[in-house]
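Reviewing the structure listed below.
Taken together, the values in this text are just the output of simple stated rules run on the coordinates, not laboratory data. None of these values were measured; they are calculated from a predicted model. Every residue, glycine as well, gets a Cβ built from its backbone with ideal geometry; the counts of neighbours run over all protein chains shown.
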Amino acid sequence: MISQPGLAVLAGTLVVATVVGSVLRARNGRLRTDGAATGGWVLAGATPTGLDRVLLLQLSSPVCTPCRQTAALLTEFSARRPGVVHREVDVADRPEVARELSVMRTPTVVAFDRDGAELLRVSGVPRLPELDAGIAPALTGTVRETS
């Protein structure tokens, strides 16, 4: 039989775990636009060419199942969306990229404009309609082509 104090500890632990799980689930896939990172194209080892306007830099890890789902979504999304480039970085191979961008979990997707400035970031599997709406302003207007 469980004692009264033991039962109280068990109940408290369950409540805390439920609250933490609910908060994490609510934040999963939600866009944040308060980042100020720069140099996204350099971190991805890429240079914007032609009409490339937005880089979706995905930080992944080898044992992350949602990372594979995110990679598939973003590969398809970038193929359908002119001006969008998707690059994936394995944080196990390149931990300096995660440090530079202050990324604490995978998958995380950081969107950068043509100049390398952060537009938004998503921790978890992105919600494509929100992602599309978030990068849309960077895809409009004229862009100078580089050679």
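Table for the structure above
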quantity: Length gained when the stretch residue 68-residue 13 is fully extended (0.36 nm per residue, less Cα-Cα span); calculated: 16.6 nm
quantity: Loop trypsin sites (Lys or Arg not before Pro), the stretch 81-132, which have at most 16 other Cβ atoms in a 10 Å radius of their Cβ (DSSP); calculated: 105, 127
quantity: Likely footprinting exposure, 128, 7, 55, fewest C-beta neighbours within 10 Å first; calculated: 7, 128, 55
quantity: Extension gain, residue 115 back to residue 136 (0.36 nm per residue minus Cα-Cα distance, nm); calculated: 6.0 nm
quantity: Residue 92 paired with residue 80, simple spin-label distance in nm, labels 7 Å along Cα-to-beta-carbon; calculated: 3.0
quantity: Whole-angstrom gap from the stretch 107-125 to the stretch 39-65, using each part's C-alpha centre; calculated: 9
quantity: Residue order, fewest to most beta carbons within 10 Å, for 135, 2; calculated: 2, 135
